[in-house]
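In what follows, a single structure is set out as structure tokens and then discussed.
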Amino acid sequence: MIIEEILDSVKQELEARAVEDIRIGLGYTAVKLDDGSCGLAATMRDEISACCTVLEKAGALRNERADSLAELALSPDGLEAALGVATINAILGRRPLEGECEASEIVRDLGIAKGDAVGMIGYFGPLIEPIRRACRELYIFERRLPAFQAVVGERPAEAPRVYPDWAVELLLPRCDAVLISGTTVLNKTIDHLLRLCRGRVALVGPTTPLSDIFAKYGVSLLFGSRVRDPARVLRVVSEGGGTATFGSAVSKVTVRLRR
């Protein structure tokens, strides 16, 4: 799996670090390491146990070795995977990448044109209209389909059609450009999705590991985040916030990968 390769790429740095703080919020999970670095990953609420205790090791994770926590990225449990990926992202967040900039324009950077069919894995509300105006066809795929039925119902004539996630098998190979949520790294679907892609591919969102390893799997662009103010991020995560409330505590970055 790609996440195994990414984990291996940061293993030496992880072995030298310990966990200083962990916050599991409604929108995001944040992990801060003892060198001050901090990483984020989405909290997959719909995949968390309904029991009052959702993490058996709760209360005993502070000061744990960072490499042990990062290995949870390989877990089939969504919450454990979020802790693992957030830990990996804390390390990657300190690494500069060639081809990185803070200014981004997804339609332009991904080269979306009028004749293109575009696939969107995950419902990125702010991106939908700009992409729809720029392309011929937009296919949106969402695992949590019922959560978006109300949105479509409010504006039936204008709202985009949202397909179930299994429809990627039929439609993704037709797409000239594809945006994939970084959460696919958590649920381990990223490898299969990339095998289905035939066009230009971008990974999107704060969960996205900023790793050039994705280049050899056909990814052209990473639209991710770097934590600039860990104290602010930890507080926002604890209070149920996310991308709209991080503000300047998190910088959005664009990385153009070279194959």
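The values are calculated or read from the model by the stated rules, or taken from the named source; none is laboratory data. Note that the structure is a prediction, hence the values are computed from the model and not measured. All Cβ positions, even for glycine, are placed from backbone atoms using ideal geometry, and neighbour counts span all protein chains on display.
Within segment 186-198, does at least one residue satisfy the condition of being under 21 Å from S251 (Cα atoms) and under 13 Å from the mean Cα position of the chain (by Cα)?
Filtering segment 186-198 down to residues under 21 Å from S251 (Cα atoms) leaves none.
Looking through segment 186-198, none of the residues is under 21 Å from S251 (Cα atoms) and under 13 Å from the mean Cα position of the chain (by Cα).
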Legend entry - segment 130-166 - residue that is aliphatic (A, V, I, L, M), surrounded by 10 or more Cβ atoms within 10 Å (Cβ to Cβ) and more than 23 Å from K114 (Cα to Cα) and, of those, modelled with the highest pLDDT: L145
Inset, instruction - Output the residues belonging to segment 102-139 that are part of a loop (DSSP other than H, G, I, E, B), free of Cβ contacts under 8 Å to residues at least 24 places away in the same chain and over 24 Å from L170 (Cβ atoms). - result: E105
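Applying the selection to segment 230-259, what residues are in a loop (DSSP other than H, G, I, E, B), more than 17 Å from the chain's Cα centre (by Cα) and in the same structural domain as V85 (by TED's automatic domain parsing)?
E239, G240
Mind counting the residues in segment 111-126 that are within 20 Å of the chain's Cα centre (by Cα) and surrounded by fewer than 19 Cβ atoms within 10 Å (Cβ to Cβ)? Give the steps one after another, and end with the answer.
Within segment 111-126, the subset within 20 Å of the chain's Cα centre (by Cα) is 118-126.
Checking the rest, the ones that are also surrounded by fewer than 19 Cβ atoms within 10 Å (Cβ to Cβ) come to 124-126.
Going through segment 111-126 one residue at a time, the tally reaches 3.
Here is a check on your reading of the model: is I48 of a type in the set (A, V, I, L, M) and modelled with pLDDT of 95 or more?
Values: of a type in the set (A, V, I, L, M): yes; modelled with pLDDT of 95 or more: no.
The answer is no for I48.
Let's see how each residue does on (1) touching a Cys at 6+ places or on another chain (Cβ under 9 Å); (2) under 23 Å from R258 (Cα atoms):
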| position | (1), (2) |
| --- | --- |
| R161 | no, no |
| L170 | no, no |
| P173 | yes, yes |
| D176 | yes, yes |
| T184 | no, yes |
| K188 | no, no |
| D191 | no, yes |
| G199 | yes, yes |
| V204 | no, yes |
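Mind listing just one residue for me: the one in segment 95-110 that is out of contact with any Lys or Arg (no Cβ under 6 Å at 6 or more places or on another chain) and over 13 Å from V253 (Cα atoms) and, of those, surrounded by the most Cβ atoms within 10 Å (Cβ to Cβ)?
Once the filter is applied, the top-ranked residue is V107.
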Legend entry - Residue pairs meeting the criteria (Cβ under 8 Å; at least 6 apart or on separate chains; first free of Cβ contacts under 8 Å to residues at least 12 places away in the same chain and farther than 20 Å from L210 by Cβ, in segment 223-240; second surrounded by fewer than 22 Cβ atoms within 10 Å (Cβ to Cβ) and among the basic types (K, R)): none
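Take segment 197-237 and flag every residue that is within 15 Å of V168 (Cα to Cα) and crowded, with 17+ Cβ neighbours inside 10 Å.
Within segment 197-237, the subset within 15 Å of V168 (Cα to Cα) is 197-199, 201.
Within segment 197-237, C197, G199, V201 qualify.
Filter segment 82-101 down to the residues that are hydrophobic (A, V, I, L, M, F, W, C) and assigned to a loop (DSSP other than H, G, I, E, B) and list them by number.
Our first condition is that a residue be hydrophobic (A, V, I, L, M, F, W, C); within segment 82-101, this holds for 82-83, 85-86, 88, 90-92, 97, 101.
Of everything in segment 82-101, just one residue is hydrophobic (A, V, I, L, M, F, W, C) and assigned to a loop (DSSP other than H, G, I, E, B), namely L97.
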Legend entry - Failed criterion for L172 (all others in (1) closer than 25 Å to G242 by Cα; (2) touching a helix residue (DSSP H, G or I) at 6+ places or on another chain (Cβ under 9 Å) hold): (1)
